[in-house]
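Student: Take a look at this one; I'll ask things after.
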Amino acid sequence: QSLLQSAIDTASEGISIIDSDLKLVAWNDKYKNLFDYPEQLIFSGAPISTLIAYNIKRGMCGPGEVEVQVDRRIEFLRQGSSHQSERELDGKVIRIEGNPLPDGGFVMLFSDITAYRQAEQVLKAENVDLEAMVSERTEKLALANKELILARKNAEQAHIKKSLYLKACSHDLMQPLEAARLFAEALSFQGALTDNQQRQVHNISHSLKVASDLLDELGEIARIESGNIEPQFESFSLDDLFGRLAEEFSASAENSHVEFRVARTNYWVHSDQQLL
């Protein structure tokens, strides 16, 4: 008995041992202090029913008549089944574990798991906060995706409208420019024009042709963006291309007093001349 008492006194958990008559035969200070039992209740041979009734009166076992609850628990102990439960007492959470002995009776273990349950509550609260945060960010992401889809549709519609506008502009402006070119061509056939006047009429006709080509290119750009155009490849001289560009920009250079030079070249390229 002395050896048994020394062993249970060094345990970190509260321990009580009851015999087959359900009377207290051994315990440690951890058990007594955990439940704050009065000295007169703890003695060798104390009926376990007295301790159960004391705990019930303190509200450890929930509502109900004390005698009924005591009888139910005593009957459960007589059946000799292992059991586990948790009880709250003065802000502490106590885990109770009972294991039957071979010749009758029980070894009861009592652990203060208050800190564990508090940590569990904190983790649950943090998990709830995390779930709320994930839910909130998921909603924001879904909203952002909807806004992105809407912006994409708006961009596609704007692109279509721009292409239609370019086509309309190139078509509508071509008519007056073609008329102006015809007037310039008619003017060039008049014999009363001087050489200088003929050169100016030629420049006007060429400028009108360049403007018409630019409008054609606007239509081509719309076709390129819509994917409805294929380049027409051919081999041609860069010098000829540079020459046409020189005619186009030389008049502007003269009027702005800018020195304008075009480098001659013998290179040829293979490309779409109009798109290039």
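Student: Within segment 23-43, restricting attention to residues that are part of a loop (DSSP other than H, G, I, E, B) and within 57 Å of the chain's Cα centre (by Cα), which residue is nearest to GLY80 (Cα to Cα)?
Tutor: ASN28
Student: Give GLU185, GLU139 a once-over and let me know the one that is over 30 Å from LYS209 (Cβ atoms), among the charged types (D, E, K, R) and assigned to a helix (DSSP H, G or I).
Tutor: Exactly one residue qualifies, and that residue is GLU139.
Student: Restricting to segment 6-22, count the residues that are surrounded by 12 or more Cβ atoms within 10 Å (Cβ to Cβ), assigned to a helix (DSSP H, G or I) and not hydrophobic (A, V, I, L, M, F, W, C).
Tutor: Total satisfying the criteria: 1.
Student: Only one of these is closer than 27 Å to LEU275 by Cβ, under 60 Å from the mean Cα position of the chain (by Cα) and open to solvent by 70 Å² or more (accessible area, probe 1.4 Å): LEU218, LEU214. Name it.
Tutor: The unique qualifying residue is LEU214.
Student: Filter segment 235-249 down to residues that are closer than 15 Å to LEU276 by Cα and assigned to a helix (DSSP H, G or I), then give me how many there are.
Tutor: Matching residues across segment 235-249 total 8.
Student: Shifting gears a bit: What about ILE149, is it open to solvent by 80 Å² or more (accessible area, probe 1.4 Å), of a type in the set (A, V, I, L, M, F, W, C) and part of a helix (DSSP H, G or I)?
Tutor: yes
Student: Moving on to the next point. Here are some residues: VAL25, VAL68, VAL93. Which one is of a type in the set (Val, Ile, Thr), surrounded by fewer than 11 Cβ atoms within 10 Å (Cβ to Cβ) and either farther than 22 Å from THR114 by Cβ or touching a residue at least 24 places away in the same chain (Cβ under 8 Å) (or both)?
Tutor: Selected residue: VAL68, the only one of VAL25, VAL68, VAL93 that is of a type in the set (Val, Ile, Thr), surrounded by fewer than 11 Cβ atoms within 10 Å (Cβ to Cβ) and either farther than 22 Å from THR114 by Cβ or touching a residue at least 24 places away in the same chain (Cβ under 8 Å) (or both).
Student: Related question: Residues to consider are SER170, SER205; find the one that is touching a helix residue (DSSP H, G or I) at 6+ places or on another chain (Cβ under 7 Å), surrounded by 15 or more Cβ atoms within 10 Å (Cβ to Cβ) and modelled with pLDDT under 80.
Tutor: SER170
Student: Right, another one. Return the residues of segment 32-65 that are open to solvent by 20 Å² or more (accessible area, probe 1.4 Å) and modelled with pLDDT under 80; say none if nothing qualifies.
Tutor: Answer for segment 32-65, where residues must be open to solvent by 20 Å² or more (accessible area, probe 1.4 Å) and modelled with pLDDT under 80: ARG58, GLY59, CYS61, GLY62, PRO63, GLY64.
Student: Out of ARG264, ARG223, report the one residue that is modelled with pLDDT of 80 or more and either open to solvent by 80 Å² or more (accessible area, probe 1.4 Å) or part of a loop (DSSP other than H, G, I, E, B) (or both).
Tutor: Just one listed residue meets the conditions, ARG264.
Student: Could you say whether any residue in segment 138-157 is closer than 24 Å to ASN28 by Cα and of a type in the set (A, V, I, L, M)?
Tutor: Taking every residue of segment 138-157 in turn, none turns out to be closer than 24 Å to ASN28 by Cα and of a type in the set (A, V, I, L, M).
The values are calculated or read from the model by the stated rules, or taken from the named source; none is laboratory data. Here the structure is a predicted model, which means the values were calculated and not measured. Every residue, glycine as well, gets a Cβ built from its backbone with ideal geometry; the counts of neighbours run over all protein chains shown. We work out accessible area using only protein heavy atoms, side chains counted, and drop any ligands, DNA or RNA first. Shrake-Rupley method; radii C 1.70, N 1.55, O 1.52, S 1.80 Å.
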